[in-house]
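The values are calculated or read from the model by the stated rules, or taken from the named source; none is laboratory data. This structure is a prediction, so every number in the text was calculated from the model and none was measured. Here the Cβ positions follow ideal geometry from the backbone for every residue, glycine too, while neighbour counts run over all protein chains shown. The protein model used for the area step is the full one, side chains on, heavy atoms only, and it has no ligands, DNA or RNA in it. Shrake-Rupley method; radii C 1.70, N 1.55, O 1.52, S 1.80 Å.
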Amino acid sequence: MNVDGTHYRTIWLKEGDERTVQIIDQRNLPHEFIIEDLKTTKDVARAIKEMRVRGAGLIGATAAYGMYLAALESREELRWLIKQKDSAVPKEQFDSYCSSEFDIMMKNAGDVLIRTRPTAVNLEWAVNRQIEAMKGTGYDSKISTALKTAIEIADEDAEYCRSIGEHGVNLLEDISNRKGGKPVNILTHCNAGWLAFVDYGSATSPIYAAHNQGIDVHVWVDETRPSNQGARLTAWELGQHGVPHTVIADNAGGHLMQHEEVDIMIVGSDRTTYTGDVCNKIGTYLKAVAAKDNNIPFYVALPSSTIDWKMRDGVKEIPIEERGGEEVKYIQGLHDGNIKQVLLTPETSSVTNYSFDVTPSRLVTGIITERGICEASEDGILSMYPERRK
Ligand code: MRU
């Protein structure tokens, strides 16, 4: 999507340097647009953990590039090991020795990346996809396979999000027709925009598609405490694309729904069980309850990389990340031209910081996937992905 009229993705390989991955450091948005170089697996793990990159699709794609950097590092390390072991490993066994050592190193790097953030399943999915892809190749082609797979994962993420827009826009068009062309009011929570993926976003993709088609849309943007992904990121990217929007305090949604100011809710997801329970940024569940009470359709937009095909009961099984209390105690903003953190609570108050919650499938009107819109149920999801039927 566009930043000041220039097209960006959220992650890419540096031009002319295949050993450097570049990202936008999202901690500074909307006030500063900073591009950062990632050169090692450690850089990647830190970028994910510190939320320089964030959002389910993007952390998956970043982990995929992390595995590519890990492959480069493993080869260097192996070269050194081989020099030491030159006499110990017979020449004819070099290839299989290197291959199995390499696979162990990749598995270890993958474990480090997966541990950075527990809730979004995309991380684990991307790491496993890399490990599987490299397993099938000879030692010589492991690096090129890792690079090809990282690019594939990123391109697929962008393409799937684009398709989500194509399917989801029909919902907005129907509402617009019913309202005789008056603005369609969409409420979203957190940032499931292009900044949370490689491009387009999941929840925002139907909105961008509608806006591009000339459908009048207006977005209520939940600020999304404590990290304010809505106020900082969703508002910024909608603004960059010229989409009318209004930032609201998280608690305002219910009131707006009661007064018919919300036509539809669309949110993203970090992990969705194959039965349709949806895990998303903390506070989503409360909005889903309010939407149900007010008869407002509640849709979740997600690419299939976010579906956990092993988990049945989202509330009981999905691991919920608990982040540092400073995110609740402090708030970040621009002051005198500098980004500052200010203390919000009494210094000695204790705080907790659960990052996600689970909305049970019964509260979800439908799921917008890259293949189409389905019911939030095992049957609905499997009808979209019949190859997953056991
Ligand atoms: O903690 P974050 O910022 O990585 O949160 C994840 C999210 O962006 C949201 O939960 C989002 O709505 C779904 S992920 C595309």
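Structure values in brief
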quantity: Residue match in the stretch 333-346 (condition: touching a residue at least 60 places away in the same chain (Cβ under 8 Å), open to solvent by 60 Å² or more (accessible area, probe 1.4 Å) and either closer than 24 Å to Tyr200 by Cβ or under 23 Å from the mean Cα position of the chain (by Cα) (or both)); calculated: no
quantity: Residue match in the stretch 246-255 (condition: modelled with pLDDT of 95 or more, within 16 Å of the ligand (Cβ to nearest atom), over 20 Å from His31 (Cα atoms) and surrounded by 22 or more Cβ atoms within 10 Å (Cβ to Cβ)); calculated: yes
quantity: Selection count where residues are farther than 26 Å from Pro30 by Cα and surrounded by 18 or more Cβ atoms within 10 Å (Cβ to Cβ), scope the stretch 286-295; calculated: 3
quantity: Test: Pro226 is under 22 Å from Tyr8 (Cβ atoms) and either open to solvent by 10 Å² or more (accessible area, probe 1.4 Å) or touching a strand residue (DSSP E or B) at 6+ places or on another chain (Cβ under 9 Å) (or both); calculated: no
quantity: Count of the stretch 205-234 residues which are in contact (Cβ under 8 Å) with a residue 60 or more places away in the chain, under 17 Å from the mean Cα position of the chain (by Cα) and within 23 Å of Arg27 (Cβ to Cβ); calculated: 5
quantity: Residue within the stretch 290-300 that is in contact with a helix residue (DSSP H, G or I) (Cβ under 9 Å, 6 or more places away or on another chain), within 16 Å of the ligand (Cβ to nearest atom), part of a helix (DSSP H, G or I) and aromatic (Phe, Trp, Tyr) present; calculated: no
quantity: Filter result for Val112 (touching a residue at least 40 places away in the same chain (Cβ under 8 Å) and over 28 Å from Gly230 (Cβ atoms)); calculated: yes
quantity: Every pair of residues 6+ apart whose Cβ atoms lie under 6 Å, when the first sits in the stretch 303-327 and is closer than 30 Å to Val351 by Cα while the second is open to solvent by 50 Å² or more (accessible area, probe 1.4 Å) and within 12 Å of the ligand (Cβ to nearest atom); calculated: Pro319/Pro118; Ile320/Tyr354; Glu321/Pro118; Glu322/Tyr354
quantity: Output for the stretch 164-208, where each listed residue is of a type in the set (Val, Ile, Thr) and either outside the structural domain of Asn251 (by TED's automatic domain parsing) or within 22 Å of Thr284 (Cα to Cα) (or both); calculated: Ile164, Val169, Val184, Ile186, Thr188, Thr204, Ile207
quantity: Which listed residue, of Arg79, Arg117, Arg46, Arg52, is over 18 Å from Met134 (Cα atoms), in contact (Cβ under 8 Å) with a residue 60 or more places away in the chain and outside the structural domain of Gly325 (by TED's automatic domain parsing); calculated: Arg117
quantity: Any hit, the stretch 157-170, residues being without any contact (Cβ under 8 Å) to a residue 40 or more places away in the chain and within 21 Å of the chain's Cα centre (by Cα); calculated: no
quantity: Cross-chain or 6+ apart pairs with Cβ under 8 Å, the stretch 126-142 first and more than 14 Å from Ile104 (Cα to Cα), then open to solvent by 40 Å² or more (accessible area, probe 1.4 Å) and part of a helix (DSSP H, G or I); calculated: Ala133/Lys148; Gly138/Asp95
quantity: Elements of type strands (runs of 3 or more DSSP E) in the stretch 312-389, at least 2 residues being closer than 29 Å to Asp25 by Cα; calculated: 330-335, 338-343, 356-359, 366-369
